[in-house]
Amino acid sequence: MGKAAGGINRRTFLNKTAAVIAGGAAFGSTALSYARIIGANDRISLGHIGIGSRGNDLVEIAGRLKISHNVDMTAVCDLWSVNRDKARTAYGKYQGREPRAMQHVEELLTLKDVDAVMISTPEHSHSPILKLAAEAGKDAYVEKPMGNVLAEVKAARDAVVASNLIVQSGTQHRSEPYPKAAREVVRSGALGQVSKIEIVWNYHGPRWRGRTEVAQIREADTDWGKWLMTKPQRPFDPRLYFEFRLYKEFSSGIADQWMSHGIDLVHYFMDDPVPRSVVAHGGIFAWRDGRENPDTFQALLEYPKGFLVSYATSFGNDAPGYTRYMGKKATLINIGDEGSPRYQVVEEKGNHEENLEIDRERAAHYIQLPGDKGLAPMGIDDMSVEHMANWFECIRSRQQPIATVHDGFGHSVACIMAAESYWTGKKLYWDSAKEEILDRAPQAM
């Protein structure tokens with residue numbers, strides 16, 4: 001049999017990566033045995049803050065884990081009365097009784113019988129609410145990005161660390177078996193020195209525009225001032241309320257929602273948590289519908305370990321996506337957009353002149369990770385179930401989860417820098433000592 005990149009026998013390579021998956025990454029596995037953990041039989045009492053589009057997904061996920069992980073939804077919180085009522089009914093179906101419902105997060109966080117909270121509010125409020133939860137002593141599951149204002153992200157992280165809490169950032173792809181196996185390949189040295197990573201994810205459509213709730217909400221049925229959170233007061237705007245990802249003061253759009261996932265996997269694979277510099281460009285080229293954030297976006301990020309990341313998304317064309325980790329010995333390829341399980345490794349065959357003669361042969365040297373066969377199909381929601389299960393397990397063990405508050409800080413910084421670079425037209429730098437974003441390289445110590 002042939003050799004995989006770096007001299008790994010193909011059969012050994014596949015057996016090794018399959019073992020990574022069999023060792024606990026597949027859906028339904030648990031990292032720890034409940035019978036051996038103090039407090040394993042104690043029920044975890046939850047509060048859920050923000051039950052909109054993504055929040056509804058978390059309702060189902062938490063409901064599916066009610067019995068296996070002994071959790072109970074005690075209280076739900078949403079500013080809009082319609083969402084509160086829907087959440088009570090939905091959770092009631094899973095647990096046979098409806099949780100308490102309240103409008104304001106401050107009220108929920110005072111409840112002594114709530115151990116932990118799930119935060120799935122609009123992203124401009126992720127960090128402020130996480131900080132409030134930490135100050136109230138609650139463990140938290142916070143959707144990504146962990147934040148999009150640097151000062152707020154730092155304050156939330158510091159509050160979590162000061163209270164020694166268990167926070168899971170909602171970058172659920174870390175909990176998928178295929179990225180876990182691919183990470184082992186990168187860490188094994190099979191690719192050799194990685195100098196460049198390319199991520200291209202596309203979508204054909206006016207993403208985040210056209211929410212039906214815009215026509216349903218009335219200002220009297222919510223608390224607009226509380227929804228604005230840390231932003232300046234402005235007249236009630238139902239379109240902003242639900243389509244906030246299109247407006248720059250509240251979200252960076254593509255960077256916050258899509259790049260956050262892609263760049264978090266880069267951090268996870270490469271063990272390099274914050275970029276050294278970022279430059280970004282793009283514009284509104286496909287959907288001139290009043291949005292402020294770009295529908296076409298590209299960022300280049302340089303990392304301290306010495307590699308470049310290119311991230312690109314277009315909402316004007318659904319050309320096939322891919323991710324490539326390009327090393328001196330081999331390339332790790334993920335075929336498809338976000339969440340694709342199709343990972344392959346192809347050996348490097350030499351320089352460009354040599355490759356001209358072997359391009360056809362090279363196509364036969366792909367070595368598949370066990371992502372296309374050998375495992376039961378798993379959707380993104382299944383991955384989110386495993387991700388939340390990991391959080392519940394860590395609440396009991398007090399070990400840190402797979403996507404810690406520090407990981408959330410790292411992907412947030414990368415996305416914040418990309419958004420700021422896009423809007424200012426400047427190349428930006430990260431000062432790791434002062435934790436500041438600069439428009440010039442920081443002075444060497």
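The values are calculated or read from the model by the stated rules, or taken from the named source; none is laboratory data. As the structure is a computational prediction, the values presented were derived from the model and not from experiment. Cβ sites come from the backbone with ideal geometry, for glycine too, and all protein chains shown count toward neighbours.
Taken over the range 217-265, residues that are aromatic (Phe, Trp, Tyr) and outside any loop (DSSP other than H, G, I, E, B) amount to 6.
Here's the yes/no breakdown for (1) buried (at least 17 other Cβ atoms within 10 Å of the Cβ); (2) within 30 Å of Gln216 (Cα to Cα); (3) not assigned by TED's automatic domain parsing to the domain that holds Trp258:
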site	(1), (2), (3)
Ile51	yes, yes, yes
Val76	yes, yes, yes
Glu98	no, yes, yes
Pro122	yes, yes, yes
Ser125	yes, yes, yes
Pro128	yes, yes, yes
Ala136	yes, no, yes
Val153	yes, no, yes
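Only one of the numbered conditions (1) at pLDDT 95 or above; (2) assigned to a loop (DSSP other than H, G, I, E, B) is not met by His406, and that is (2). Of the strands (runs of 3 or more DSSP E) lying entirely inside the range 100-176, those containing at least 1 residues that are closer than 12 Å to Thr404 by Cα are 139-142, 167-169.
Between Arg88, Arg84, which is in a helix (DSSP H, G or I), touching an Asp or Glu at 6+ places or on another chain (Cβ under 7 Å) and either over 20 Å from Leu228 (Cα atoms) or hydroxyl-bearing (Ser, Thr, Tyr) (or both)? Full working, then the answer.
Details: Arg84 fails: either over 20 Å from Leu228 (Cα atoms) or hydroxyl-bearing (Ser, Thr, Tyr) (or both).
That would be Arg88, the only listed residue that is in a helix (DSSP H, G or I), touching an Asp or Glu at 6+ places or on another chain (Cβ under 7 Å) and either over 20 Å from Leu228 (Cα atoms) or hydroxyl-bearing (Ser, Thr, Tyr) (or both).
Taking Asp237 as the residue in question, decide whether it is surrounded by fewer than 20 Cβ atoms within 10 Å (Cβ to Cβ) and either at pLDDT 95 or above or within 23 Å of Ser340 (Cβ to Cβ) (or both).
Values: surrounded by fewer than 20 Cβ atoms within 10 Å (Cβ to Cβ): yes; either at pLDDT 95 or above or within 23 Å of Ser340 (Cβ to Cβ) (or both): yes.
So Asp237 fits the description; yes.
Against the definition (surrounded by 14 or more Cβ atoms within 10 Å (Cβ to Cβ), charged (D, E, K, R) and either in contact with a His (Cβ under 9 Å, 6 or more places away or on another chain) or at pLDDT below 95 (or both)), how does Asp359 come out, yes or no? Judged against the criteria, Asp359 is not a match. Only one entry of Gly253, Gly262, Gly225 meets the criterion of being free of Cβ contacts under 8 Å to residues at least 60 places away in the same chain and under 23 Å from Tyr322 (Cβ atoms), and that entry is Gly253. Being buried (at least 20 other Cβ atoms within 10 Å of the Cβ), farther than 16 Å from Val345 by Cα and not basic (Lys, Arg) narrows it down to one of His173, His204, so name that one. Every option except His173 fails the conditions.
Quick check: anything in the range 284-300 β-branched (Val, Ile, Thr), at pLDDT 95 or above and out of contact with any strand residue (DSSP E or B) (no Cβ under 7 Å at 6 or more places or on another chain)? Step through it out loud before you land on a result.
Pass one, the range 284-300, residues β-branched (Val, Ile, Thr): 284, 296.
Adding the requirement that they be at pLDDT 95 or above leaves 284, 296.
Adding the requirement that they be out of contact with any strand residue (DSSP E or B) (no Cβ under 7 Å at 6 or more places or on another chain) leaves 284.
Looking through the range 284-300, at least one residue is β-branched (Val, Ile, Thr), at pLDDT 95 or above and out of contact with any strand residue (DSSP E or B) (no Cβ under 7 Å at 6 or more places or on another chain).
Determine, yes or no, whether Lys138 is modelled with pLDDT of 95 or more, among the charged types (D, E, K, R), more than 18 Å from the chain's Cα centre (by Cα) and within 30 Å of Phe307 (Cα to Cα). For Lys138, the condition - modelled with pLDDT of 95 or more, among the charged types (D, E, K, R), more than 18 Å from the chain's Cα centre (by Cα) and within 30 Å of Phe307 (Cα to Cα) - is not met.
Quick one: is Ala418 modelled with pLDDT of 95 or more, under 23 Å from Met259 (Cβ atoms) and among the aliphatic types (A, V, I, L, M)? Yes; evaluated as a whole, the condition is true for this residue. Restricting Val214, Val278 to those that are over 25 Å from Ile119 (Cβ atoms) and either modelled with pLDDT of 95 or more or not in a strand (DSSP E or B) (or both) reduces the list to Val278.
Taking the range 62-81 as the region of interest, how many residues are farther than 23 Å from Asp139 by Cβ and either touching a Gly at 6+ places or on another chain (Cβ under 6 Å) or in a strand (DSSP E or B) (or both)? The qualifying residues number 0.
The residue that is surrounded by the most Cβ atoms within 10 Å (Cβ to Cβ), counting only those in the range 245-277 that are among the charged types (D, E, K, R) and touching a helix residue (DSSP H, G or I) at 6+ places or on another chain (Cβ under 9 Å), is Asp264. Checking each residue in the range 267-302 for being touching a residue at least 24 places away in the same chain (Cβ under 8 Å) and in contact with a Ser or Thr (Cβ under 6 Å, 6 or more places away or on another chain) picks out Val278, Val279, Ala280, Gly282, Phe285, Phe297, Glu302.
Taken together, Ser251, Ser314 contain a single residue that is within 16 Å of Ser421 (Cα to Cα), of a type in the set (S, T, N, Q), modelled with pLDDT of 95 or more and outside the structural domain of Ile402 (by TED's automatic domain parsing), which is Ser251.
Total residues in the range 99-121 satisfying the condition of being of a type outside the set (A, V, I, L, M, F, W, C) and more than 20 Å from Gly63 (Cβ to Cβ): the figure is 6.
Only one of Tyr311, Tyr268 is outside any helix (DSSP H, G or I) and either out of contact with any Pro (no Cβ under 7 Å at 6 or more places or on another chain) or not polar (S, T, N, Q) (or both); which? Spell out how you get there, then give the answer.
Details: Tyr268 fails: outside any helix (DSSP H, G or I).
Matching residue, one of Tyr311, Tyr268: Tyr311.
Could you list all residues from the range 387-445 that are among the aromatic types (Phe, Trp, Tyr) and either over 19 Å from Val161 (Cβ atoms) or without any contact (Cβ under 8 Å) to a residue 60 or more places away in the chain (or both)? Even if it seems obvious, please write down each step before you answer.
Initially, the range 387-445 is screened for residues among the aromatic types (Phe, Trp, Tyr), giving 391-392, 409, 422-423, 429-430.
Answer for the range 387-445, where residues must be among the aromatic types (Phe, Trp, Tyr) and either over 19 Å from Val161 (Cβ atoms) or without any contact (Cβ under 8 Å) to a residue 60 or more places away in the chain (or both): Phe392, Tyr422, Trp423, Tyr429, Trp430.
In the range 100-120, how many residues are within 26 Å of Asp221 (Cβ to Cβ) and basic (Lys, Arg)? Full working, then the answer.
Quick first cut of the range 100-120, residues within 26 Å of Asp221 (Cβ to Cβ) only: 100-111, 114, 117-120.
Then drop every residue that is not basic (Lys, Arg), which leaves 100.
Looking only at that region, the number is 1.
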